[in-house]
Amino acid sequence: MLTKIIGAVAISMIAYSAYTKMDGGPAKTSLSGSALVVENQRYKFDYALAGPSSLGGVLIATGRQRGVSQGGVEMALHYFDESSAAEFVRTQQPGHCSAEFYNAHALHKLLIPATPAAKESLAKLSFSDHADTSSWRRFTLNGRCISHANAMTIEGEPVTASTNLFENCTTIAVTGIDVQDKPIEAFIRN
């Protein structure tokens, strides 16, 4: 039994080492003035930031992303704004959100933690089932919209990204996020 455990640990360490080399290792993020740089040995993304931004609403789901290999994006945030949340209360049964309603009303943001505290806060969030409305929580997010990429390189070679990643504040350098502890009564099945 001990041999199997040691073997599994050794295989895990080898796989992690290979992944780290392929991915370039852990990312370093630096926020300075109107720029955010996310980089490791393989990737470097230098982003231009717009002014401070804040948004809020009803958090309905999150999705983990691959971090530095995806431009530094660590989380996709899926939420309803206040008007969509009110529409849900008027037209849907609490307890379940249909895919049709979700697809018609959900808003989405890509989040890059700009500070160690923001990275820690995002790491703690896990709302994976948009259909279970009892898990929905009110949230506020602070940060700065990424307006464009000044430069992006992979292994020293320049690359480009789709411009829609930077339209309408789709990608945000997060400086803080606050999620309420308690579920929202209007979305809990009675």
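The values are calculated or read from the model by the stated rules, or taken from the named source; none is laboratory data. On a predicted model such as this, the values are computed, not experimentally measured, just so you know. Cβ placement follows ideal geometry from the backbone for every residue including glycine, while neighbour counts extend to all protein chains displayed. Just the protein is used for accessible areas: all its heavy atoms, side chains included, with ligands, DNA and RNA removed. Shrake-Rupley method; radii C 1.70, N 1.55, O 1.52, S 1.80 Å.
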> Which order do ASP181, ASP46 take when ranked by solvent-accessible area (1.4 Å probe, heavy atoms of all protein chains), largest first?
Replying inline: ASP181, ASP46
> When only Cα pairs under 8 Å and 6 or more residues apart are kept, what is the percent relative contact order across the chain?
Replying inline: 25 percent
> Rounded, prolate or oblate: which fits segment 63-144 when a ≥ b ≥ c are the square roots of the eigenvalues of the alpha-carbon gyration tensor, with rounded for a/c under 1.5 and prolate only if a/b beats b/c?
Replying inline: prolate
> Taking 0.36 nm per intervening residue step and subtracting the Cα-Cα distance, what contour gain separates LYS124 from ALA48 on full extension?
Replying inline: 24.7 nm
> If you work out semi-axes √(5λ) of the Cα gyration tensor in Å from the coordinates, which of (1) 21, 20, 18; (2) 32, 25, 14; (3) 25, 19, 17 do you get?
Replying inline: (2)
> Say the dipole of the chain comes from +1 at the beta carbon of Lys and Arg and -1 at that of Asp and Glu; which of LEU122, ALA61, SER147 then lies farthest toward its positive end?
Replying inline: LEU122
> Given the protein chains as shown and a 1.4 Å probe, how many square angstrom of ASP81 are accessible, to the nearest 10?
Replying inline: 50 Å²
> How far is helix 82-91 tilted, in degrees, relative to the longest principal axis of the Cα atoms in the chain, given as a value from 0 to 90 rounded to the nearest 10?
Replying inline: 50 degrees
> In degrees from 0 to 90, rounded to the nearest 10, what is the angle of the helix 2-23 Cα long axis to the longest principal axis of the chain?
Replying inline: 90 degrees
> By its C-alpha gyration tensor, with a ≥ b ≥ c as the square roots of the eigenvalues, how is segment 29-83 shaped: rounded for a/c under 1.5, else prolate for a/b larger than b/c, else oblate?
Replying inline: oblate
> Which of the cysteines found in the chain have nothing to pair with, since no other Cys Cβ lies under 4.7 Å from theirs?
Replying inline: CYS97
>> Under a Cβ-only charge scheme (Lys and Arg +1, Asp and Glu -1), can you give me the dipole magnitude of segment 47-190 about the Cα centre, in debye to the nearest 20?
In response: 220 debye
> Taking the Cβ-Cβ separation of GLU157 and GLU185 as r and a Förster radius of 41 Å, what is the calculated FRET efficiency to the nearest 0.05?
Replying inline: 0.20
>> With a 1.4 Å probe and all protein chains kept in place, how do CYS97, CYS145 rank by accessible area, largest first?
In response: CYS145, CYS97
> Among residues other than PHE127 whose Cβ falls under 15 Å from its Cβ, what is the net charge (Lys/Arg +1, Asp/Glu -1)?
Replying inline: +1
